[in-house]
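Nothing in this text is a laboratory measurement; each read-out follows from the coordinates by a stated rule. This is a predicted model, so every value here is computed, not measured. Ideal geometry is used to build each Cβ from the backbone, glycine not excepted, and the neighbour counts take in all protein chains shown.
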Amino acid sequence: MLSVNEIEKLDRDHIWHPCSQMKDYEKYPAIYIEKGEGVWLYKKDGARILDAISSWWVNLFGHAHPYIAAQVIDQVQKLEQVIFANYTHAPAAELARHLVGLFDGALDKVFYADNGSSAIEVALKMSYHYWLNAGVPGKNKFAHIKGAYHGETIGALSVGSLGTYKKTYQPLLLETVEMDGPDCFRCRYGRTRKECQAECFAETQTVLEQRQHELSAFIIEPLCQAAAGMAIYPPVYLRKAHAKCRELNIHLICDEIAVGFGRTGTMMASHQADIVPDFVAVSKGLTGGFLPLSAVLTCKDIYDQFYGDYSEQRAFMHSHSYSGNPLACRAACAVFELFQGSDVLAANNIKSETIYHELTPLLEHKNVGEIRRCGMIVAIELVKDKASGEAFDWRERIGHRIYRFAEQQGLLLRPLGDVIYLMPPYVINDEEIRFMTQTTMRSIREILP
Ligand SMILES: Cc1ncc(COP(=O)(O)O)c(C=O)c1O
């Protein structure tokens, strides 16, 4: 067995970590985590750190949840993996039944992939291919809004708009149609969140109408543009987007990868707009953070355009080696069972209110522009100037400094720029909420006295 020192040395010598400037690791080496339990991650010296971001938004019911763990262990002794072309198994079938139930059977076809970005690739390709098979020519572009993030593979990156991830690779990417989206913190129409009727959708609508003949799909993160800084917007925008896409024969792809499975207060964020999109992509929380898995849900009408004799060559010839992995599917079934076992959403609602309430003293802080909340997502937007909403210069790395301070206090935050957000596992209890909110406030006040 490796000693902790050996592990740390091997990491330093060989591992290239995601989304990181590796030079930073000379000052702040990767933190070795020995085990996880509930909302806590345990370091080498027994010290623990509260995972307030659910480890990149994947964990729903706490680390090493005993029920999910037991289901995976049981499955591992039966079937760990099988080719998913021409073969099937119980966890995939059972999970499909759960997934089809998410939209009351309206989206009754399930395509499995193995991470969020690959689900986005699937949805984009399926949408494009559908129009081709349906004999509707010229629909070969995708629309998205500013602030969008859908993953980092070439297709997924193309329909995102965050420069940090996209800029460098621009020459490699698909040409897309980028539209202004809702910006509720700095509303262009001067509306408050309460009075908003998604007036800003008028701009989106114009673009959709002008480009409808070339648009295959409009892809959107429902209710919350997560990577953009937990930019929360009201369901009415989504409702309007859905109606307009229907009218114009443009698919609507809802990317529920970050926001699905209760994060926004309903099982799916799209439920709050009372819509059934053409495609829904899910991943992250799907397996409770145990194993990589994703799925694209769609309807029979779309599926039927791919259905025919082999010689017609209309099939969706897309595959990933680990599609429908039995262990991951079994973990996902366990997640659904946990939802069925208690009223998780109702309990979360109370927790979310408590988190928000505990943070309200921060509203007085000169650099807190807004505290916004949508289900189990609570975000604090830090600004240089409260009155104008002017942002800090990114070079000041305010969010990053708060992150470093909080980490020393036993709290794992990972701000998005200068937006500090709390998105903890649903099993967090009152005492842990208090620790999380108090430490967040202390960390903000330390860096921004
Ligand atoms: C909304 C959204 N879509 C897609 C992805 C990509 O998922 P993955 O990191 O599993 O590829 C993410 C990841 O953060 C996301 O937030």
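What the table below lists for this structure:
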read-out	value
Kirkwood estimate for segment 180-315, i.e. one over the average of 1/r between Cα atoms, Å	16.2 Å
Rg/Rh ratio calculated on Cα atoms of segment 153-193 (Kirkwood radius)	1.13
Environment charge of residue 167, counting only residues whose C-beta is closer than 15 Å and scoring Lys/Arg +1, Asp/Glu -1	0
Structure-based [θ]222 nm, the chain - -39500 (n - 2.57) summed over DSSP H runs of at least 4, per residue, nearest 500	-10500 deg cm²/dmol
Average Cα contact separation per residue, segment 116-245, under 8 Å, 6 or more apart, as relative contact order %	28 percent
Stokes-Einstein D for segment 142-245, Kirkwood Rh over Cα pairs, 37 °C, 0.692 mPa s (µm²/s)	233 µm²/s
Percent antiparallel among DSSP beta bridges (both partners in the chain, rounded to 5)	65 percent
Cα pair distances of segment 67-149 binned at 5 Å [whole percent]	3, 10, 13, 18, 20, 16, 9, 6, 4, 1, 0
Fewest-first sequence of 200, 329 by Cβ atoms within 10 Å of each Cβ	200, 329
Of 20, 270, 352, the one that fluctuates the most in a GNM where the chain has Cα springs shorter than 10 Å	20
Neighbourhood net charge (14 Å Cβ-Cβ; Lys/Arg +1, Asp/Glu -1) for residue 194	+1
Gaussian network model of the chain, Cα within-10 Å springs - most flexible of 264, 204, 164	164
Gyration tensor (Cα) of segment 22-166, equivalent ellipsoid semi-axes in angstrom	34, 26, 14
Under 12 Å from the residue 11 label point (7 Å along Cα→beta-carbon), backbone N, segment 36-65	42-45
Cα-based convex hull volume of segment 253-310 per residue, rounded to whole Å³	86 Å³
The chain: relative contact order in percent, alpha carbon pairs under 8 Å with at least 6 residues between	20 percent
Which of 356, 279, 399, positive extreme of dipole for the chain (C-beta unit charges)	399
Listed residues 101, 151, 399, most fluctuating in the chain (Gaussian network, C-alpha, under 10 Å)	101
From the C-alpha gyration tensor of the chain, square roots of 5λ in Å	34, 29, 21
Local net charge near residue 44, Cβ-Cβ under 10 Å (Lys/Arg +1, Asp/Glu -1)	-2
Mean separation of Cα contacts under 8 Å (6+ apart) over length of segment 341-440, as relative contact order %	26 percent
Segment 115-201: chymotrypsin sites (Phe, Trp or Tyr not before Pro) falling in loop per DSSP and having at most 16 other Cβ within 10 Å	189
